[in-house]
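The values are calculated or read from the model by the stated rules, or taken from the named source; none is laboratory data. Computed from a predicted model, the values in this text were never measured in an experiment. A quick note on method: Cβ atoms are made from the backbone with ideal geometry, for glycine too, and the neighbour counts reach across all protein chains shown. For the accessible areas, the whole protein counts, side chains as well, though only heavy atoms, and no ligand, DNA or RNA atoms are used. Shrake-Rupley method; radii C 1.70, N 1.55, O 1.52, S 1.80 Å.
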Amino acid sequence: MDPCDWTTRNLSGKAEPVASAPLVLRLALNATARACAEERAGIAGLITLRQSLPTYRGCASGTPRRALDSTQGKPCSVALLGLAFTMAEILLSLTIIGVVAAITLPSLTGNINERTWNTQRKALYARFSQAIALMPSLNAYGTLTEGVDSSGSTVVTEDTAAETFVTNGLAKVLKINNICDNEHLQDCGLPEKFTAMHGSQYDFPTDNKSVNLMLVNAVWEGHTSDNYSHANVKAAAFETINGESIAVFYNPSCTSGMNEESYNVQSKVCMMSIYDLNGTKGPNTVGKDMGFIGALYPSDSVVVAPMPYVQLGEAMPFEDAKSYCKNLSSGEYRLPNLDEAALIFVFKKYLSDYNSGNFWTGISYDADYAWGQGLGGDRSHQSLKTTSKRVWCVRR
């Protein structure tokens, strides 16, 4: 008999071809043969048993094969045939592994990057908070002088404000490797273009006006006493020893307190900054490796770095808005406080394509009223909690 066509007999006496059997069946039969042989011979005599088995030739390849010989006609009577995987089986396995890897690896890599960026962002916020607390005051750095050009328009004739704030202020309390003036922001690792949270692309801003026009001029029709005007200030930039690239937008005339019933928030924001955690490496996207840090009030300053939820919620009453944020899937979100809402207003165009109306803060004024923040305008104000405003949830 050709050993390549050996059969095994089961207890019912039926014959099953071994060489042509499916791989799973061959593996099972071989395992059964080994187990029975070890049971009869004992562990100590297994090596001798296998060496004493007859060797057969006659397969197409001429490869010798050894068989277990049972005289009892039990399932142990099975050939110890070569059970290597076929090329087709190997290719199929590799294909399945490749498909699974292609599906899971991008998600896995994205999750790792997200956790890394979130850790870096929190560490940068902590260092900024400690540094700002050591500064005696945040206003009155540098020189900002306005004049009139030949056409009668008001222009800035001298501007060293932001650069002086970095060199004479931040650099004394924060470890900085490199400082760049307004003409060389990219030399500090900042990208020429970046992607906003809502997907639009922007050139990197170089002054307050290009960040938000209302940082320079805000007009309220019929409420001239509420209008806001300030000279445009050029940005400066620096790199930290940890590799972050940060652009600073500065208001040397910032003021203290939010005790008014309604007020322009840009007068309270002293420093506004755009950070990039890994420079030009990418993806250069707000909400991933890029975000915002701000410092409000010249003394007893407050540092905020809100990361808004990617979607702006619909309009709803105050208490519903609070519940909406708490019920988001991650459980980390809440309504912004007044200071965070002010910074969201400053950088609104990079956070949402919705640039009008109002949204709730999480701060109550009294039992009936809560604070809201304007987007189309710049004002922070009080509203009845039963009225509806948009919801913009944030996490720290």
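Tabulated data
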read-out: Filter pass, LYS322 being touching a strand residue (DSSP E or B) at 6+ places or on another chain (Cβ under 9 Å), touching a residue at least 40 places away in the same chain (Cβ under 8 Å), under 23 Å from ARG121 (Cα atoms) and not in a strand (DSSP E or B); value: no
read-out: Failed condition for SER267, given (1) open to solvent by 20 Å² or more (accessible area, probe 1.4 Å); (2) more than 28 Å from the chain's Cα centre (by Cα); (3) in contact (Cβ under 8 Å) with a residue 40 or more places away in the chain; value: (3)
read-out: Qualifying residues in the stretch 299-315 (those that are in contact (Cβ under 8 Å) with a residue 40 or more places away in the chain and in a loop (DSSP other than H, G, I, E, B)) - the one nearest to TYR350 (Cα to Cα); value: VAL310
read-out: Matching option when the condition is open to solvent by 60 Å² or more (accessible area, probe 1.4 Å), among the acidic types (Asp, Glu) and in a helix (DSSP H, G or I), among GLU114, GLU146; value: GLU114
read-out: Positions within the stretch 277-298 being buried (at least 19 other Cβ atoms within 10 Å of the Cβ), of a type outside the set (Phe, Trp, Tyr) and part of a strand (DSSP E or B), in sequence order; value: VAL286, MET290, GLY291, ILE293, GLY294, ALA295, LEU296
read-out: Complete set of residues in the stretch 366-382 that are open to solvent by less than 30 Å² (accessible area, probe 1.4 Å), free of Cβ contacts under 8 Å to residues at least 40 places away in the same chain and assigned to a strand (DSSP E or B); value: TRP371, GLY372, GLY374
read-out: Qualifying position, being of a type outside the set (S, T, N, Q), under 20 Å from GLY294 (Cα atoms) and open to solvent by less than 30 Å² (accessible area, probe 1.4 Å), among LEU328, LEU351; value: LEU351
read-out: Answer from PHE347, PHE292 - the residue that is among the aromatic types (Phe, Trp, Tyr), under 29 Å from ASN227 (Cα atoms) and over 18 Å from the mean Cα position of the chain (by Cα); value: PHE347
read-out: Residue match in the stretch 165-187 (condition: open to solvent by 10 Å² or more (accessible area, probe 1.4 Å), among the small types (Gly, Ala, Ser) and at pLDDT below 95); value: no
read-out: Residue in the stretch 300-310 that is over 25 Å from LYS122 (Cβ atoms) and open to solvent by less than 40 Å² (accessible area, probe 1.4 Å) present; value: no
read-out: Scope the stretch 200-232; condition at pLDDT 95 or above, among the β-branched types (Val, Ile, Thr) and either open to solvent by 100 Å² or more (accessible area, probe 1.4 Å) or more than 17 Å from HIS184 (Cβ to Cβ) (or both); matching residues; value: VAL211
